[in-house]
Amino acid sequence: MPEQHEGTEQHAATGLPAAPPPTSAATASRLGRRRLLRAGLGAGGALATVRLLPGGRAWAAAPTPAPVSTVPAVPTAPAATAAPAAGQVWPDWARYARIADGTFNEPADMQSAVDALKAQEVSVIELDTLLSNWLTDAEFAAHMADVKTFTGLAHAAGMKVVMYYPSLELISPGGEKGRSFYKDDQGRNWVQRDLAGKPNVFYGSVVVWVDPGDESVWLSPDSPWRDYYLKRIKGVAATGVDGIWPDVPIYFDGVLTWCDASTWGAAAFKADTGLALPKAADYTDPVFRRYIEWRHRSLLRFQLDIAAAGRSVNPDLVTFVETVSMDYRYATSIGLDGGYLRQAPGAVSQVWEVDILGNYDGMRHATASDWVCLISMYKYARAASGTKPAWAFSYGWQADDASLVMSQLIAAGCNPYEVKTPFKNDTVDAAMRTRMYRFVRTNQQKLYDAASIARVGVYHSAASRDYVSPGEGNGMYVNATAPAGITDWWGGDDPQMSCASVPWLGEFRGTVKALVYAHVPFDTVSSPGLTADDLTRFAVLLLPDLQAVSDAEAAVLRAYVAGGGTVVITGPAPTALDELGGQRAEFALSDVLGLRRADPLPATRQNSFGRGTCHYVKARAGLSYLTGTDQASADRLLAAVRQSAPPAVTLAGDRRIFLDARRLGGDTIIHLVNFTAFGDTPAAFRTTPADCTLSYALPVGASVTAVTVAGPDGTDPAPKPVPYTVTGGTVSVPLTVAQYSVVTITVG
């Protein structure tokens, strides 16, 4: 039923818009939605997005037994993601995509926009026009005619079009003082609300994409807005576009937190869980903790409905959901956990908005540890998209920092969407984009068809992210304090924003840093919907500060160790919480750990279980390595890796060279990204070529037939033969890496 709150006017939920103000020429020519100028949903800023939560950091710091919760358990895997999309085949254009924004101001601009992007080696155009705005049905239909024309021009040029469409936000230009969707249509009935009932609506200047005087209203995905939006998605699909790009389906927290407690949200929460909404944000309340997880699941269903609506019109349509929440603690507050979509059926994946340090500086003043955080985010994006294409933002400020960011993105296996920060409509440098995209096109099979040969996995626990030591910071990067003279810095000069101040995340990021600095190829393992198949190729699985875990998840991990796998668990409360953050009477993996909760925890312990081994380290060794780069901490994490999964590919050279390794047929493909110019403190950006020697242990009986190197740093992106030596069963390749090199070792 329509929602009604004190002081609001009751409306009929017809789904038909009232007449918004006429679309002016200025409005028609405006660019689409743009990035936040604050920490969390975009780089930079003055507006803190994660408020201090009741319970604070102490909530999970020293776990003690708690009464058995009466809150219904979470399903063992997201309901819509119970099984992988068997036999799903993605079109080549989506798997090899090179993406850029293509906004036309007037129909006469369409051809020139297409021609410019074609010349820059772009293969997929993200079309961002007027769909952020409150449009009548007639205005929407007229604009779809223009979209159809543009799509035809792009197709004629051999390019694909994916239509950008905000999913839960609607902007009313001039709506603060004039007519608006919230004041004059269904906005006040369909709006998201926080736990106190306040509406999620604001006017101008809070975010960079909402101009002064404009209204932004965020709608409930469980309200009739859902049908209204899905109907328009079908209209977009009918234009002939190749894909839909729904923007950030989130419970927006820029002005309020912990939405959606609207009557629509309350009814959906009750139907799913049998519970009434929590009264306040209180981590000691099991119902509130259930509410956190429910929001992930609710937004998953909405994403799947969007994809299904588009495919009902065009069965070949793909959907890429813009997802701003990465491995850090932002999914908790906005609800959008990208990992929940990993196993969803159908052609639906993500465009990951991977933010950088400064809105007007990019990564130019990063530390080496900040760069590791960027690596961690791109590796998480690749993992959380599963076997699907993982498109990702490649933000930059100048050509040299932009190309290095894109190099890391590509090395992680993602498809680049190159854009100049803080907006999303322009390239940093057309020549740089052309050079980088030509490299991707020339080497696309090696970049996107090869399979990882990493034997080490790093487990990203979504439940531990949500429930372990909640506090103020989201932890996007390490350095939260802007260097001198730099404005719009991601952390707003608040030390609590640093991942070093978020114990679970700091442990995860420090584990990644230890592997990167040791040149050990690894893959992130995304936790939602974990199955035994996710772990079969790993000899060692690192479980940084794993505290919150479901019984089903624990069973998969237990079977992995029993079958011969090695795990390394760190932290003061190993598997002490359930999947909703409730205290367990006993560790979920007590048998694997060889530890009981009632006993004092040892500093370290090695326990045999079945055919496998569990290594336990009580200290947060990863967090220590993140902040101190001390070798003793790295050794605690890596001893089991060296023993059980020594990599076939090794590198002699500066530890600040990222190494990844994959295989395609008889080719072993090694990615090397040079971030040696970054130190422990921020400094001006520069590119410093790095000398190194790559070694590869050949399979028994194999011989080298060729070694080539390709890279985007020069004028020719094609692979070139390079000298190598073979000693015994090892091939060695001396190299100088400018920013990015892809080495291919072919054996026969």
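Some points to look at:
- Qualifying residue in the range 711-724 (condition: under 21 Å from residue 647 (Cα atoms) and outside any loop (DSSP other than H, G, I, E, B)): no
- Annotation note: Cβ proximity below 9 Å between a residue of the range 670-691 that is without any contact (Cβ under 8 Å) to a residue 24 or more places away in the chain and a residue that is basic (Lys, Arg) and surrounded by fewer than 18 Cβ atoms within 10 Å (Cβ to Cβ) (sequence gap 6+ or interchain) occurs for 676/655; 677/686.
- Within the set 435, 382, 364, the sole residue that is over 27 Å from residue 344 (Cα atoms), at pLDDT 95 or above and in a helix (DSSP H, G or I) turns out to be 435.
- The range 94-121, residues that are of a type in the set (Ser, Thr, Tyr) and part of a helix (DSSP H, G or I): 112
- Selection of first residues in the range 725-748 that are within 24 Å of residue 700 (Cα to Cα) and of second residues that are open to solvent by 70 Å² or more (accessible area, probe 1.4 Å) and modelled with pLDDT of 95 or more, restricted to Cβ pairs under 6 Å at least 6 apart or on distinct chains, gives the following pairs, ordered by first then second residue: 731/724; 732/725; 733/724; 746/705; 748/705.
- Positions within the range 610-634 being surrounded by fewer than 18 Cβ atoms within 10 Å (Cβ to Cβ), over 29 Å from the mean Cα position of the chain (by Cα) and not basic (Lys, Arg), in sequence order: 610, 631, 632
- None of 377, 326 is under 16 Å from the mean Cα position of the chain (by Cα) and assigned to a loop (DSSP other than H, G, I, E, B) except 326.
- Failed item, numbered, when residue 569 is tested on (1) farther than 21 Å from residue 368 by Cβ; (2) open to solvent by 10 Å² or more (accessible area, probe 1.4 Å): (2)
- Output for the range 711-731, where each listed residue is open to solvent by 70 Å² or more (accessible area, probe 1.4 Å) and over 18 Å from residue 671 (Cα atoms): 715, 725, 726, 727, 728
- Selected residue (criterion: surrounded by the most Cβ atoms within 10 Å (Cβ to Cβ)) from residues of the range 287-301 that are over 19 Å from the mean Cα position of the chain (by Cα) and in contact (Cβ under 8 Å) with a residue 60 or more places away in the chain: 289
- Residue in the range 415-451 that is farthest from residue 743 (Cα to Cα), counting only those that are among the polar types (S, T, N, Q) and open to solvent by less than 40 Å² (accessible area, probe 1.4 Å): 421
- All positions within the range 670-685 that are of a type in the set (S, T, N, Q), touching a Lys or Arg at 6+ places or on another chain (Cβ under 9 Å) and part of a loop (DSSP other than H, G, I, E, B): 676
- Only one of 685, 675 that is surrounded by fewer than 19 Cβ atoms within 10 Å (Cβ to Cβ) and of a type in the set (Phe, Trp, Tyr): 685
- Evaluation of residue 320 against (1) closer than 24 Å to residue 187 by Cα; (2) assigned to a strand (DSSP E or B); (3) aromatic (Phe, Trp, Tyr) (one fails), failing number: (1)
- Residue in the range 458-465 that is among the hydroxyl-bearing types (Ser, Thr, Tyr), surrounded by fewer than 22 Cβ atoms within 10 Å (Cβ to Cβ) and under 26 Å from residue 648 (Cα atoms) present: no
- Looking only at the range 652-669, and only at residues there that are touching a residue at least 40 places away in the same chain (Cβ under 8 Å) and assigned to a loop (DSSP other than H, G, I, E, B), the one that is nearest to residue 726 (Cα to Cα): 666
- Among residues of the range 199-229 being out of contact with any strand residue (DSSP E or B) (no Cβ under 9 Å at 6 or more places or on another chain) and surrounded by fewer than 17 Cβ atoms within 10 Å (Cβ to Cβ), the one that is nearest to residue 168 (Cα to Cα) is 227.
- When 277, 304, 336 are checked against the criterion of being in contact with a Leu (Cβ under 9 Å, 6 or more places away or on another chain), touching a residue at least 40 places away in the same chain (Cβ under 8 Å), open to solvent by 20 Å² or more (accessible area, probe 1.4 Å) and assigned to a loop (DSSP other than H, G, I, E, B), 277 stands alone in meeting it.
- Some residue of the range 175-198 being free of Cβ contacts under 8 Å to residues at least 60 places away in the same chain, open to solvent by less than 30 Å² (accessible area, probe 1.4 Å) and under 23 Å from residue 311 (Cα atoms): no
- Qualifying residues in the range 725-747 (those that are in contact with an Asp or Glu (Cβ under 9 Å, 6 or more places away or on another chain) and assigned to a loop (DSSP other than H, G, I, E, B)) - the one farthest from residue 453 (Cα to Cα): 738
- Whichever residue in the range 238-264 is small (Gly, Ala, Ser) and under 28 Å from residue 313 (Cβ atoms) and, among such residues, is least open to solvent (accessible area, probe 1.4 Å): 243
- The test for being open to solvent by 10 Å² or more (accessible area, probe 1.4 Å), among the acidic types (Asp, Glu) and in contact with a strand residue (DSSP E or B) (Cβ under 6 Å, 6 or more places away or on another chain) does not hold for residue 493.
- Residue 125 passes every criterion in (1) in a strand (DSSP E or B); (2) open to solvent by 10 Å² or more (accessible area, probe 1.4 Å) apart from (2).
- Residues in the range 218-272 that are touching a residue at least 40 places away in the same chain (Cβ under 8 Å), over 25 Å from residue 154 (Cα atoms) and of a type in the set (Gly, Ala, Ser): 220, 223, 254, 261, 262, 265, 267, 268.
- Total residues in the range 496-528, condition among the aromatic types (Phe, Trp, Tyr) and open to solvent by 10 Å² or more (accessible area, probe 1.4 Å): 1
- Residue 80, sole failed condition from (1) surrounded by 15 or more Cβ atoms within 10 Å (Cβ to Cβ); (2) over 22 Å from the mean Cα position of the chain (by Cα); (3) in a helix (DSSP H, G or I); (4) modelled with pLDDT under 95: (2)
The values are calculated or read from the model by the stated rules, or taken from the named source; none is laboratory data. In this text, all values refer to a predicted model and were calculated from it rather than measured experimentally. Please note: Cβ atoms are built from the backbone with ideal geometry, for glycine as well, and neighbour counts cover all protein chains shown. Each accessible area value is taken on the protein alone, full model and side chains, heavy atoms only, with ligands, DNA and RNA left out. Shrake-Rupley method; radii C 1.70, N 1.55, O 1.52, S 1.80 Å.
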